[in-house]
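Here's the structure we're looking at; comments come further down.
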Amino acid sequence: MSSFADPELMQDFLTESGELLEQLDQDLVLLESTPNEPELLNRVFRALHTIKGSASFLALANLVEVAHAAETALNAARNGVFVPDRRAMDLLLGAVDTIKRQFEDIRAERELARPDAALCAALSELGEAGPAHESGPGHAGSGAPQAPAQSAGSPSDQPPAPIDDSPAHAARPAPLAEPAPERPLELGSGKAELFDFLLTDARQALDAIGPMIDSLGRAGAVGVPTPLIEQAEALAKSVEFFGLTDMAALARALAALEHAPRRLTAAVTDAAAGVLGELRAHASALSARRVRLAKAEPYTAALAAAAADAHDSLIRLDDPKAAPQEPPAPAPAGAAPAGAAPAGAAPAAAEPEAAKAASASGPTPAGGSGDQTIRVEVGRLEALLNLVGELVLQKNRMGALTRQLGSSSGVTQDLRETFTQTSGALDRVTSDLQLAVMKTRMQPLEKLFGKYPRLVRDLARKLGKDIRLVIEGAQTEVDKSVIEELGDPLVHLMRNACDHGLESPERRAAAGKPAQGTIVLRAQHESSYVSISIADDGRGLDRDRIRAKAIEKGLYTPEQLGQMSDQDVDRIIFAAGFSTAEKISDVSGRGVGMDVVRANIEQLKGTIDLGSAPGKGCTVTIRIPLTVAILSAMMVGVRDQIYAIPLAAVTEIVRPEPAQVQTIRQRRVMRLRDTVLPLVDAHALLARGGAAQPDQGRAAPAEAPFAVVLQHGSRRMGLMVHRLVGQQEVVIKPLDGLGRRSPAISGATIRDDGGVSLIVDPSRLISLAEVSPQD
Amino acid sequence: MPQTTSNASQTHATARTGPESGASQGGDQLQLVTFGLGEEEFAVDILSVQEINRMMSLTRVPQSPPEVEGVINLRGKIIPVVDLRKRFNLPASDRSEQSRIVVVEVTGRVIGFIVDRVSEVLRISSKIVEPAPAMVTGADSDFVAGVGRLEDRLLILLDLPKLFAKTGLTVGAPALAA
């Protein structure tokens, strides 16, 4: 068991089952609040079942054990034996957590942790509570899957491993058209351990399928129920794993009914019933550790014909399910190999995919939709994005050349126009390409948000609070790198809202609020930005305490605080090392909180803002660019240098008249409409604190005439620059290896003329200007 | 091994002055790129040199170390450029037609430095290289790997990693004191 299967298979398993696990987390929490939702229950069951199936394929016995126990419990819930309550949910979530830990083990290439026996026992008990199945759950409950089936025997004589013998495997049913002999069951040692699970599974599946097949023949029955298809398919996969190809063929024949017409003829229903009977016979032979060597061609052929009727017109090249299913399982010898090969040759690749499709698409058959996605290594997308970045730079240079050409006299009018047109076309194509490539990297925020229902649920229980989480706009898409960077800050903010934001139910009641607190997590697009807000209806920020703490920590003097607006006081929580939590809980409050959040967000070129109303609640709003690689910038000239300012921070550009400019306490300010705007010289600000930068023999130019109005949150300032160059899409380049530089420089970029421009960080620029008065 | 840096770089040097090409490590031969600063002549191992460019306009970075003259765009990559005169505490001089930016790879990083002129590619025997006299290897001069004694002049061989370790060209941005 310690030596893992093909690492690639394992990776696929981790990826696909990992997604299912995350979905499970979400669905289970949802199930807790809506326990009577059969569709949801089914979805949870299917997800677990798929994970278990893939795990047993990879012989991960410890994982299968816990998944099986959870599945047993869920099956009982599906049969209405019990209604999932909190305790049941704790157990089920516990099982999911166990599987998650085992995933970590796989990633670390460790032996899988054994599941907690008590957990498995409790889950199995849930499953046994009702009349679900006589023997099945018992096996799982007893925990150890050691069932020593038939001693593993010599592998030489009988069934070769089913995984790697595609042609033989597909062709085998034909020559075996004999009455129904049986032979002893032989299993590899790894599989013997799992055999009990198979038996339970098969029985469950057949018990579930039975009534459905009965109802097929009834008057008024329309179509084949999806669960039947799913069950049959799942059964086919598990028996195939054990090398029981005949049985798998039977089950697949049933699954092929998916493509049958809505009205079934009597012949078809009879055949289906026949196949079911045959499967049952197989199953009982298995219980006796015998393999029934039989095939049921008459039945399966009838089924196949029925399916093919309707199916012919449905086959689509892009439908991965079409290939394995089209020649219904034990196809008449000869026709099979081509069609059946994929199922045998690449079971790991095909099966989890198919299983995923089945579980993801829920009640609608997955057949019609087809598989329109492929998985691409992130590295390739990154390379593509880099190349596009270079292309954008070249395009910009081309634009600059075109403008030059327009003003030069040595070119004919014709050439000039052609050039301008070509350059314009290149511009459009490049922009489209850039957008298209960026879109390939976009992912819905749901990837992040999906984790929060579980987080909030657990926190609520730990804190003894009643919290409702409302998520809006989870479909909003942002760049992959943004999603990755956003994870930690958002978790932190969610924890804050749960721990500090919302009051205990008693306090809420005393304040005349509903006992249940609400957190609204909302995401939406705003031009090239996405804004994410986390709003709670709790107590809001306690400004008095923030002031007291700020003085205590020596961050501000009482005089400074006296001059601050309420909003500025709120923002103090973003200062380093600031935390008002009175006691350190294990939920939040280690004092490294909000400043780290702010730093993370600003690293993404985003902004974070706060709105708080005492007693009513607090809203934290994050705005981040959709992508972190390309930036819309305003290029400005400061003396002989050109800097790039992120356009998002620029609200306007004005040319102050001397009469508008005043000096207040040694700071220059201008009156801009109804507000007073501090003015800071860009060159002095950037050079401050650093070594004097000689101006390369040039006399200091005249005073900068333009004020670029920068806004960050509620803070504003006018940055005085000499020239306005224009707006450009720039590609952000790292500026490493300099040792030291102004903190207000966040990176560099290459201009359309090939020169290098530094990108300034507006928020730090504003902070820098506020720290000490202008010299 | 000779005292010069042996930072092997796959990129070939584009110095046009040297007629011959090939490995510099052949036996006791050293293949060097030599350049001048003021009256002095310096040399670095040819394998660490990526290319030699004419002067181009530099973008100054506020508050960077004093010897960092600025950054340039090297085919889409932004690299820092050091003024070697400032690094050696030589008096500043105007750039001329002869001024060059020598681009080298040092311990995995690409750095450019400005020199007054690039002279030639030279093949010398390691036998004529002597350790730098103790007098000149002060606290701030251990970047001198050795001195090559030619017929009519002296060649100062530079140890590039040591040369740039001292300039503080390290990765990482300073944090903002909020």
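Residue-by-condition table, conditions (1) outside any strand (DSSP E or B); (2) within 29 Å of A:Glu770 (Cβ to Cβ); (3) of a type in the set (Phe, Trp, Tyr); (4) not assigned by TED's automatic domain parsing to the domain that holds A:Val470:
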{"site": "A:Ile519", "(1), (2), (3), (4)": "no, no, no, no"}
{"site": "A:Gln524", "(1), (2), (3), (4)": "no, no, no, no"}
{"site": "A:Ile532", "(1), (2), (3), (4)": "no, yes, no, no"}
{"site": "A:Arg547", "(1), (2), (3), (4)": "yes, yes, no, no"}
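Of the residues contained in the stretch A:558-570, one or more are found to be at pLDDT 80 or above and in a loop (DSSP other than H, G, I, E, B).
For the stretch A:244-259, enumerate the residues that are within 14 Å of A:Leu199 (Cα to Cα) and either small (Gly, Ala, Ser) or surrounded by fewer than 24 Cβ atoms within 10 Å (Cβ to Cβ) (or both). Result: A:Ala248, single match. For beta carbons closer than 8 Å, sequence separation of 6+ or different chains, a first residue in the stretch A:222-243 that is among the hydroxyl-bearing types (Ser, Thr, Tyr) and a second that is in a loop (DSSP other than H, G, I, E, B), the qualifying pairs are A:Thr226/A:Pro363; A:Thr226/A:Thr364; A:Thr226/A:Pro365. Residues that are of a type outside the set (Lys, Arg) and over 14 Å from A:Ala515 (Cβ atoms) within the stretch A:460-477 comprise A:Leu469, A:Val470, A:Ile471, A:Glu472, A:Gly473, A:Ala474, A:Gln475, A:Thr476, A:Glu477, listed in sequence order.
When we screen A:Leu74, A:Leu31, A:Leu60, A:Leu41 for residues that are crowded, with 18+ Cβ neighbours inside 10 Å and more than 26 Å from A:Val456 (Cα to Cα), the only hit is A:Leu60. What residue, among those in the stretch A:709-728 that are within 14 Å of chain B (Cβ to nearest Cβ) and farther than 15 Å from A:Val638 by Cβ, is modelled with the highest pLDDT? Result: A:Arg715.
Looking only at the stretch A:724-750, residues that are touching a helix residue (DSSP H, G or I) at 6+ places or on another chain (Cβ under 8 Å) and assigned to a loop (DSSP other than H, G, I, E, B) come to 3 in all.
Taking the criterion of being small (Gly, Ala, Ser) and under 23 Å from A:Asp752 (Cβ atoms), the residues of the stretch B:61-116 that qualify are B:Gly70, B:Gly76, B:Gly112.
Scanning the stretch B:68-98 for residues that are among the acidic types (Asp, Glu), assigned to a loop (DSSP other than H, G, I, E, B) and more than 10 Å from chain A (Cβ to nearest Cβ) gives a single hit, B:Glu97. Listed by position, the helices (runs of 4 or more DSSP H) contained in the stretch A:26-127 that have at least 2 residues being farther than 28 Å from A:Thr226 by Cβ and modelled with pLDDT of 85 or more are A:86-107.
Residues in the stretch B:76-115 that are of a type in the set (D, E, K, R), in contact (Cβ under 8 Å) with a residue 40 or more places away in the chain and closer than 23 Å to B:Glu39 by Cβ were compared, and the one that is surrounded by the fewest Cβ atoms within 10 Å (Cβ to Cβ) is B:Arg95. Within the stretch A:381-397, the residues that satisfy the criterion of being touching a residue at least 40 places away in the same chain (Cβ under 8 Å) and touching a helix residue (DSSP H, G or I) at 6+ places or on another chain (Cβ under 7 Å) are A:Leu381, A:Leu384, A:Leu385, A:Val388, A:Leu391, A:Val392.
Residues of the stretch A:729-758 that are more than 7 Å from every other protein chain (Cβ to nearest Cβ) and either crowded, with 20+ Cβ neighbours inside 10 Å or free of Cβ contacts under 8 Å to residues at least 12 places away in the same chain (or both): A:Val730, A:Val731, A:Ile732, A:Ala744, A:Ser746, A:Gly747, A:Thr749, A:Arg751, A:Asp752. For the stretch A:417-428, the condition of being at pLDDT below 80 and not in a strand (DSSP E or B) holds for none of the residues. Residues in the stretch A:737-775 that are in contact with a strand residue (DSSP E or B) (Cβ under 8 Å, 6 or more places away or on another chain) and of a type in the set (Lys, Arg) were compared, and the one that is modelled with the lowest pLDDT is A:Arg764. Here A:Gln603 clears all of (1) modelled with pLDDT under 80; (2) more than 29 Å from the chain's Cα centre (by Cα); (3) exposed (fewer than 15 other Cβ atoms within 10 Å of the Cβ) except the condition numbered (2).
For the stretch B:119-129, a residue qualifies if it is under 18 Å from B:Ile52 (Cβ atoms) and surrounded by 21 or more Cβ atoms within 10 Å (Cβ to Cβ), and exactly one does: B:Val121.
The values are calculated or read from the model by the stated rules, or taken from the named source; none is laboratory data. Since the structure is predicted, the reported quantities are computational estimates derived from the model, not experimental observations. Ideal geometry is used to build each Cβ from the backbone, glycine not excepted, and the neighbour counts take in all protein chains shown.
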